[in-house]
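Enquirer: Before we start, here is the structure in question, set down as structure tokens.
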Amino acid sequence: MKKLILENITKKFNEQFVLKNISFEVGEDDFLVLVGPSGCGKTTLLRIISGLEQATEGKIVFDGKVWNDVPPGDRNIGMVFQNYALYPHLNVFENLAFPLTIKKTPKDIVKQRVVEIAKMLQLDQKLTYKPKELSGGERQRVALGRAIIRQPNIFLFDEPLSNLDAKLRVVMRTEIVNLVQQLKIPSIYVTHDQIEALTMGTKVAVLRDGEIQQIGTPKEVYYRPANTFVATFIGSPQMNLFYGTLEGEVFHEKSGLFQLNLKIFLPWLSESVLAVLRSQKELILGLRPEDLLLTNEAEGIINTRINTYEYTGYDLIAYFGDQSNLYSFITKETNITAKNKADVHLIFNPQSIHIFTKEGKRIN
Ligand code: ATP
């Protein structure tokens, strides 16, 4: 199986680290989504993989061959960008054919491949159209087709859907994933959109300031975030982080919102986790908005008042706390809008608690 391996890739620009010790593997069945905020180094990493940029340190290996000194043209990489990068004066046929015509591929083979790929991408009725006569989704499909036609070793996608409207993005997400699964080509997809990361990736790597914070399946990064950065970056509305102190095994939220005896509430915590807990004076408890449930006064762990809310049409996001610490919960009880600023009582399932050190590292 053909695999791309990155070993401790580090990149410095003007003595500043932009990437630090990036290591991962992407096989034929993998669709790795690299996600992170603006400026965290995503594009730089793609440029290093494609050979447009040299790593300061570290190794890139593809199919057993070290790629560090292989020129970009010999890596045969299919790249798809946000701005499509189509040739405006060429029609769809010519744009798709371009990677083959520059390699002087015989005309009949070019025609056969273009027709095959145009069919696969439902562009067969548009072969004579120029890019300006196509919709955004069609243009992006031509860009995809042009990447596929060269039968690349790997696919690199750099925010390819950012220029499309919300509805089309959903359609194209599925199209790209299905296509890549069919072709069995190792793929890396860069985005700052956590929804794309969760819906498309077989693996998700969360990047911050040039360092991988966590790499795992979408479920792993969502349900077991390694730290508070991943916890709040993945998921919308973001995970609530309650800061507080620990006295024995009792957590006291710092503004007095609630108290919780962790040993009683989480009876399955192992001795080693409890030992770590006892060594901490401060702690952060994470709870996702969908894990906070409305209950009656007697059962409520968090008893508070709704500040403001957002009606999403399907459910309601209700906010509580103050401006500096605004928390949220999601409920289907949309009639709570009428009771705005009402007192609410919230409970949560012990399984849904995420415990972090005050530095933000996951404990449980
Ligand atoms: P975005 O999501 O905004 O596209 P990104 O995660 O792709 O961001 P990069 O474009 O990889 O981020 O940039 C990472 C950092 O490296 C930035 O701080 C950027 O200023 C810096 N950088 C990128 N290219 C160069 C360069 N050629 N010279 C100096 N610094 C650079």
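Enquirer: Short version: ³J(HN,Hα) in whole Hz for each residue of the stretch 348-358, in order, from phi by Karplus 6.51 cos²θ - 1.76 cosθ + 1.60 (θ = phi - 60°), x for Gly and Pro, what are they?
Expert: With coefficients 6.51, -1.76 and 1.60, one gets 8, 6, x, 4, 8, 7, 10, 10, 10, 5, 5 Hz.
Enquirer: So what is the relative contact order for the chain, in percent, with contacts set as C-alpha pairs under 8 Å and at least six apart?
Expert: Numbers: 707 pairs, mean separation 56.1, N = 364.
This gives 15 percent for the chain.
Enquirer: What is the packing order of peptides 307-320, 181-194, taking the mean over residues of other C-beta atoms within 10 Å and listing the highest first?
Expert: Details: 307-320: 15.1, 181-194: 20.2.
Most protected by this proxy first, the peptides run 181-194, 307-320.
Enquirer: Could you work out what % of the accessible surface of the chain is carbon and sulfur, using a 1.4 angstrom probe and leaving DNA, RNA and ligands out of the count?
Expert: Numbers: 8860 of 18040 Å².
The computed percentage sits at 49.
Enquirer: Ordered by residue, what ³J(HN,Hα) values in Hz, to whole numbers, does the stretch 272-281 give under the Karplus form 6.51 cos²θ - 1.76 cosθ + 1.60, where θ = phi - 60° and Gly and Pro are x?
Expert: 5, 5, 4, 4, 4, 4, 5, 7, 9, 9
Enquirer: Next up: In whole Hz, with x marking every Gly and Pro, tabulate ³J(HN,Hα) for the stretch 59-73 from phi via Karplus 6.51 cos²θ - 1.76 cosθ + 1.60, θ = phi - 60°.
Expert: Rounded to whole hertz, the list is 10, 10, 10, 10, 6, x, 10, 6, 9, 3, 9, 7, x, x, x.
Enquirer: Also, quick follow-up: Which percent, to the nearest 5, of DSSP beta bridges fully inside the chain are antiparallel? Intermediate values should be presented prior to the final figure.
Expert: Working: 56 of 74 bridges.
Of all bridge pairs located within the chain, approximately 75 percent are antiparallel.
Enquirer: Based on alpha-carbon centroids, what's the gap between the stretch 304-333 and the stretch 172-226 in Å, whole number please?
Expert: Measuring centre to centre over Cα atoms gives 29 Å.
Enquirer: If we sort 207-219, 95-107 on the protection proxy, mean other Cβ atoms within 10 Å, highest first, what's the order? Could the numbers behind the result be given before it?
Expert: Values: 207-219: 18.2, 95-107: 16.5.
Going by the mean number of other Cβ atoms within 10 Å, highest first, we get 207-219, 95-107.
Enquirer: Skipping prolines and chain starts, which residues have an amide H placed within reach, meaning under 5 Å, of the one on Ile154, given they are 5 or more residues away or on another chain?
Expert: Excluding prolines and chain starts, which carry no amide H, the hits are Gly78.
Enquirer: What angle do you read, to the nearest 10 degrees and between 0 and 90, between the alpha-carbon axis of helix 136-149 and the longest principal axis of the chain?
Expert: 60 degrees
Enquirer: Can you give the accessible area per residue of the chain, in Å², using a 1.4 Å probe? Walk me through the numbers before you get to the answer.
Expert: Values: 18040 Å² over 364 residues.
Normalised by residue count, the accessible surface of the chain is 50 Å².
Enquirer: Using alpha-carbon positions, what is the distance between the centroids of the stretch 228-284 and the stretch 59-92, in Å?
Expert: Centre-to-centre distance over Cα atoms comes out at 46 Å.
Enquirer: Sort 74-84, 55-65 for me by packing, meaning the mean count of neighbouring Cβ atoms within 10 Å per residue, highest on top. Don't skip to the answer; put the middle values down first.
Expert: Numbers: 74-84: 18.0, 55-65: 15.0.
Per-residue mean Cβ counts within 10 Å order the peptides as 74-84, 55-65.
Enquirer: Go through Lys65/Lys130; Lys20/Lys219; Lys11/Lys65; Lys65/Lys107 and tell me which ones have a Cα-Cα distance over 28 Å in this structure.
Expert: Details: Lys65/Lys130 39 Å; Lys20/Lys219 25 Å; Lys11/Lys65 21 Å; Lys65/Lys107 32 Å.
The answer is Lys65/Lys130; Lys65/Lys107.
Enquirer: Taking only DSSP H segments of four or more residues, each worth -39500 (n - 2.57), what value at 222 nm results for the chain once the sum is divided by all its residues, to the nearest 500 deg cm²/dmol? Write down the numbers at each step before the final one.
Expert: On the way: 10 runs with 96 residues, N = 364.
Only helices count here, giving -7500 deg cm²/dmol.
The values are calculated or read from the model by the stated rules, or taken from the named source; none is laboratory data. This structure is a prediction, so every number in the text was calculated from the model and none was measured. All Cβ positions, glycine included, derive from the backbone under ideal geometry; neighbour counts span all protein chains shown. Remember, those area values only see protein heavy atoms, side chains included, never the ligands or the DNA or RNA. Shrake-Rupley method; radii C 1.70, N 1.55, O 1.52, S 1.80 Å.
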